[in-house]
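Peer 1: Below: one structure in structure tokens.
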Amino acid sequence: MKYSLRLLCICLLCCASLATAEEKWQRVEPKHCAKALHWKYFEVQWERLLSGKYAELEKEAATPTFADAESCGISPENALFAMFGLEDWRKDPEFNQVFKALDGWDATFPKSPYSRLARATTLIDYAWVARGAGVAGTVNKDGWKLFGDRLVESLKKEEEAMKLGGDKHGVYWRNLLFLARGLQAPPAKTKEMVNDALKRFPEYPGIYYAYCIAILPRWGGAEGEWQAWLNAQNKEARWGGKEMDPKLYAQILWQVFTYIRDTDGPFFGDKHLSWEKAKLGLDQLCEKYPKSTHWNTVRACLASVAGDRKSANAAFDSLNGKFDGSVIDPPTFEAFLKWAGRK
């Protein structure tokens with residue numbers, strides 16, 4: 001069964017409930033929602049940026065303080081830099097205000113890679129604002145020009161960051177892979193980038209995610225290419241004769257799923273993807289973070305997508321009538337409940 005998985009972040013809206021024939025479901029209160037917790041962290045860093053507290057940002061970039069970021073589905077190192085994807089959390093962001101603040105950060109710490117990485121991240125977001133989210137044919141000439149110009153500027157900031165040691169941070173490589181996709185780098189070059197990145201950061205899910213997206217058919221990849229590549233990474237020699245940690249595998253698949261949704265066919269329809277391994281990883285994440293509304297909701301959702309009704313119902317039971325609205329929207333969650341026979 002296919003669903004329209006919008007996955008809109010609605011956790012900051014008023015708390016709402018879903019009534020079913022057997023049970024009553026409620027979105028987690030905003031203050032406990034995974035996305036809201038991340039945004040609360042953003043607000044602290046945002047105030048530091050705009051008020052010129054650059055020393056505090058430097059310290060934060062070097063040693064992130066977002067406690068249990070992973071419990072909210074976030075890579076700890078990316079917790080700060082995700083703030084610079086402004087479109088994800090601010091309505092009508094004032095990019096010029098941000099760039100002016102970043103100028104101050106650059107000037108105060110001229111030998112720091114962090115402000116350059118932050119600007120590179122913002123410029124990627126700024127480029128996609130110019131392009132828009134539509135298919136290529138909907139983008140006008142001016143939009144394409146701005147898109148390209150801003151990505152090139154971002155790449156220059158990545159190069160500046162690298163000279164200052166920025167390549168020692170996972171976000172540098174994640175940005176580089178996004179730029180490779182946007183600037184249509186040759187596939188061989190992009191593959192070389194991801195191989196270099198994974199030699200340094202083999203446990204950073206965002207790097208796997210960025211490359212999987214880059215080789216989707218919609219971006220010029222072959223059918224089944226990203227699934228086969230991820231399967232190869234799962235069995236890569238770097239794991240010492242074992243396989244990729246199931247928790248890492250589950251995190252990668254969830255990130256890819258939130259981008260693909262159901263637009264490219266049944267998610268677990270490819271022979272290279274393992275629901276059993278993803279399920280094991282999700283079980284481990286839920287055991288590690290038993291109070292995480294994020295991972296408990298993700299487990300219920302992916303079990304439904306995989307068509308595993310038994311696991312889905314067990315996951316629904318573990319939620320105790322509450323689900324995380326930053327993971328799934330109510331109509332889709334309701335569709336999953338109906339499919340599982342709970343409505």
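All of the numbers you see were taken from the coordinates with simple rules; none came from a lab. The structure presented is a predicted model; accordingly, all values stated were derived computationally and were not measured. Using ideal geometry, Cβ is built from the backbone for each residue, glycine included, and neighbour counts are taken over all protein chains shown.
Peer 1: Distance between the C-alpha centers of the range 217-248 and the range 303-343? Whole Å please.
Peer 2: 27 Å
Peer 1: Which residues in the range 56-92 place their backbone N less than 12 Å from a point set 7 Å from the Cα of Val44 along the Cα-to-Cβ direction?
Peer 2: Label zone hits: 57, 60-61, 64-69, 80.
Peer 1: Moving on. Using only DSSP helix segments of four residues or longer, with each worth -39500 (n - 2.57), what per-residue ellipticity at 222 nm results for the chain after dividing by its residue count and rounding to 500?
Peer 2: Calculated at 222 nm, the ellipticity per residue is -18000 deg cm²/dmol.
Peer 1: Restricting to DSSP loop positions (anything but H, G, I, E, B) with no more than 12 other Cβ atoms inside 10 Å of their own Cβ, which trypsin sites (Lys or Arg not before Pro) remain in the range 291-321? Mind dumping the intermediate values first?
Peer 2: Details: sites: Lys291, Arg299, Arg309, Lys310; in loops: Lys291.
Passing both the DSSP loop test and the Cβ count: Lys291.
Peer 1: If the chain between Arg200 and Asn96 were fully stretched, how many nm would it gain, using 0.36 nm times the residue separation less the Cα-Cα distance?
Peer 2: Gain in length upon complete extension: 34.1 nm.
Peer 1: What is the P(r) of the range 34-183, as percent of Cα-Cα pairs per 5 Å bin from 0?
Peer 2: 2, 10, 19, 22, 21, 15, 8, 3, 1
Peer 1: What length, rounded to one decimal in nm, is gained on full extension from Glu192 through to Lys310, with 0.36 nm per residue of separation minus their alpha-carbon distance?
Peer 2: Details: separation 118, 0.36 × 118 = 42.48 nm, distance 4.14 nm.
Contour length minus the Cα-Cα distance gives 38.3 nm.
Peer 1: Which Cα, out of Tyr289, Ala55, Gln26, lies furthest along the positive dipole direction of the chain (beta carbon charges, K/R +1, D/E -1)?
Peer 2: Sorting the options by dipole projection puts first Gln26.
Peer 1: Another question, if that's okay. List the GluC sites (Glu not before Pro) in the range 76-155 that DSSP assigns to loop (not H, G, I, E or B) and whose Cβ has at most 14 other Cβ atoms within 10 Å. Which are they?
Peer 2: Those satisfying the criteria are Glu94.
Peer 1: How large is the dipole of the range 34-183 about the Cα centre if only Lys and Arg carry +1 and Asp and Glu carry -1, each at its Cβ, rounded to the nearest 20 debye?
Peer 2: 280 debye
Peer 1: First measure r as the distance between the Cβ atoms of Thr138 and Asp103, then evaluate 1/(1 + (r/R0)^6) with R0 = 35 Å and state the FRET efficiency to the nearest 0.05.
Peer 2: Working: r = 33 Å, r/R0 = 0.95.
Efficiency, from the Cβ-Cβ distance: 0.55.
Peer 1: Viscosity 1.306 mPa s, temperature 10 °C: give me the Stokes-Einstein translational D for the range 172-261 in µm²/s, with Rh taken as the Kirkwood radius over C-alpha pairs.
Peer 2: Once the numbers are plugged in, D ends up at 121 µm²/s.
Peer 1: From the square roots a ≥ b ≥ c of the eigenvalues of the alpha-carbon gyration tensor of the range 296-343, which class results: rounded (a/c under 1.5), prolate (a/b over b/c), or oblate? Show your work: numbers first, answer last.
Peer 2: Details: a/c = 1.36, a/b = 1.22, b/c = 1.12.
Rounded, since a/c falls under 1.5.
Peer 1: Rounded to the nearest 20 Debye, what is the dipole magnitude of the chain about its Cα centre when Lys and Arg each give +1 and Asp and Glu each give -1 at the C-beta? All intermediate terms of the calculation are to be shown ahead of the outcome.
Peer 2: Numbers: 48 positive and 44 negative charges, 56 e Å.
Using only the charged Cβ atoms, the result is roughly 260 debye.
Peer 1: Mind pulling up the Rg/Rh value for the range 230-289? Radius of gyration and Kirkwood radius, both on Cα. Let's see the in-between values first.
Peer 2: Numbers: Rg = 12.0 Å, Rh = 12.2 Å.
Radius of gyration over Kirkwood radius for the range 230-289 works out to 0.99.
Peer 1: Right, here's the next one. Tell me, what is the FRET efficiency for Lys168 and Gln26 to the nearest 0.05, using R0 = 41 angstrom and their Cβ-Cβ distance as r?
Peer 2: Efficiency computed from Cβ-Cβ geometry: 0.40.
Peer 1: Ratio of alpha-carbon Rg to the 2.2 N^0.38 Å globular estimate for the chain, to two decimals, please. Before the final figure, lay out the partial values.
Peer 2: Working: Rg = 20.2 Å, N = 343, 2.2 N^0.38 = 20.2 Å.
Normalised Cα radius of gyration, the chain: 1.00.
Peer 1: Ok, one more. Considering only the other residues whose Cβ falls under 10 Å of the Cβ of Ala303, what net charge follows from Lys and Arg at +1 and Asp and Glu at -1?
Peer 2: Net charge around Ala303: +3.
Peer 1: Between Arg238 and Glu56, what length comes free when the chain is fully extended (0.36 nm per residue of separation minus the Cα-Cα distance, one decimal in nm)?
Peer 2: Length difference between fully extended and current span is 61.9 nm.
Peer 1: Can you give me the convex hull volume of the Cα atoms of the range 44-119, divided per residue and expressed in Å³?
Peer 2: Spelled out: Cα convex hull of the range 44-119, divided by residues, is 85 Å³.
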